[in-house]
Structure formats: structure tokens, C-alpha cells
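Engineer: Dropping the structure in here first, questions after.
The values are calculated or read from the model by the stated rules, or taken from the named source; none is laboratory data. Every value quoted in this text rests on a predicted model; they were computed, and no experiment measured them. As a convention, Cβ positions derive from the backbone with ideal geometry for all residues, glycine included, and neighbour counts pool all protein chains shown. Protein only, heavy atoms only, side chains kept; ligands, DNA and RNA dropped before computing areas. Shrake-Rupley method; radii C 1.70, N 1.55, O 1.52, S 1.80 Å.
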Amino acid sequence: MIIIQHITTLWTKKSRGMPAAEKRNAVPHRLLLPVASQPLPPVFVHQVFAEENDFQLKQTTQFPTSEEQYWSFQFQQQGDQLKVAFTYSRTEHGTPDRGSCTRPLFSLKLNQTGTFSINGRFSSYQGPYYQSHTVNLGFVDRFHDNLFLTQPPDHSIDLRAHLF
């Protein structure tokens, strides 16, 4: 089973500095997972959004039909190992450019976790805005609501860049 916790933080220029930056930086990077429906799906996604103003967490769950991809990730399961790859897209991840290619991130053995982080700057008619993504991934044989809280990840990739 693949467990995904995708935490997205969105802000604009008006909340770039203090005191809003303090609230933004307090958005957690790992959370308790919500209760999963039974029977458990092969892929469980816990999406968390924190947006400008109070950066209150809005949480949803999804059960993607594909076991081979989610968002910008591709998965290839081989026995008790899950290979995780990532594809950068400027429209999805913003600038600065990280190279528009698919790259392997890490391989998770059964009951291991990994964390991936990326941020980006975007332009719109209303002005610049920013997003930060932290994606916690688990390849497990059983669902645990505290999967990402009990120990540090076995693998960690950080593609965050200085945005200002």
C-alpha cells in the first residue's frame, strides 16, 4: 500500500514578511493521518492545504485509481520495493527552473518512508504568489495513522530554493 501525505502552503507578497511569515513557517510538515476507509485502497492520499491569512489547515482524502502515479510522482513497484520518480514542470512547481525531466528520487523498501520538498514562485495578473509542497510517502503493509510522526523518514529529497 502507498500512503501519501501532501501538504501545500500558498501565500502572496502581502504575507511574505513578518508576522505572517511566522504563521506560514509554523505549518507542519508531518501530520497524523485521518482514519482510512475499509477495505483499504492500494493508494491513500491525505491532502492538506494551508493558505494565506491564518494558514489554517484544510484536509481531504483521495483514493486515486492509479497505483503508478500521483501528482508529479511516478511509482514502480517491484516486489517489496517501490521506486519513486519525480517530473518537474514549471506550470506545476513554479520557478526557479529545476530541469524539465523525470528523475529517480529514491526506492522505498516495505515499511519505509520518504519525504520530498519543493517550492516555487508563480506570476498572475494579481501579482506574484508562492507555493511550498511537502510530500510524505510511505510504502507499507499496514495502515498506521502516525506513520510519518513516529520516526524520521528513511529518505529525504529537498528541492526548495530561495524565492525572493
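Engineer: Tell me yes or no: at least one residue of the range 94-115 is open to solvent by 60 Å² or more (accessible area, probe 1.4 Å), within 19 Å of S132 (Cβ to Cβ) and either of a type in the set (K, R) or touching a residue at least 12 places away in the same chain (Cβ under 8 Å) (or both).
Structural biologist: no
Engineer: Okay, moving on. Of the numbered conditions (1) open to solvent by 20 Å² or more (accessible area, probe 1.4 Å); (2) closer than 21 Å to I118 by Cβ, L40 fails exactly one; give the number of that condition.
Structural biologist: Unmet for L40, out of (1) open to solvent by 20 Å² or more (accessible area, probe 1.4 Å); (2) closer than 21 Å to I118 by Cβ: (2).
Engineer: Determine which single condition V45 fails, assuming it passes every other condition in (1) assigned to a strand (DSSP E or B); (2) farther than 25 Å from V27 by Cα; (3) open to solvent by less than 70 Å² (accessible area, probe 1.4 Å).
Structural biologist: Just one mismatch for V45, condition (2).
Engineer: Just checking, which of T113, T8 is touching a Phe, Trp or Tyr at 6+ places or on another chain (Cβ under 7 Å), assigned to a strand (DSSP E or B) and more than 19 Å from D141 (Cα to Cα)?
Structural biologist: Criteria check complete, one pass: T8.
Engineer: All but one of (1) of a type in the set (D, E, K, R); (2) in a strand (DSSP E or B); (3) open to solvent by 90 Å² or more (accessible area, probe 1.4 Å) hold for K83; state the number of the condition that does not hold.
Structural biologist: Tallying (1) of a type in the set (D, E, K, R); (2) in a strand (DSSP E or B); (3) open to solvent by 90 Å² or more (accessible area, probe 1.4 Å), K83 fails exactly one: (3).
Engineer: I would also like to ask the following. H144 passes all but one of (1) surrounded by 13 or more Cβ atoms within 10 Å (Cβ to Cβ); (2) modelled with pLDDT of 95 or more; which number fails?
Structural biologist: Just one mismatch for H144, condition (2).
Engineer: Can you tell which of L149, L137, L163 is in contact (Cβ under 8 Å) with a residue 24 or more places away in the chain and surrounded by fewer than 14 Cβ atoms within 10 Å (Cβ to Cβ)?
Structural biologist: Step by step, each of L149, L137, L163 is checked, and only L149 is in contact (Cβ under 8 Å) with a residue 24 or more places away in the chain and surrounded by fewer than 14 Cβ atoms within 10 Å (Cβ to Cβ).
Engineer: Which count do you get for residues in the range 60-80 that are touching a residue at least 60 places away in the same chain (Cβ under 8 Å) and either loosely packed, with under 14 Cβ neighbours inside 10 Å or among the acidic types (D, E) (or both)?
Structural biologist: 1
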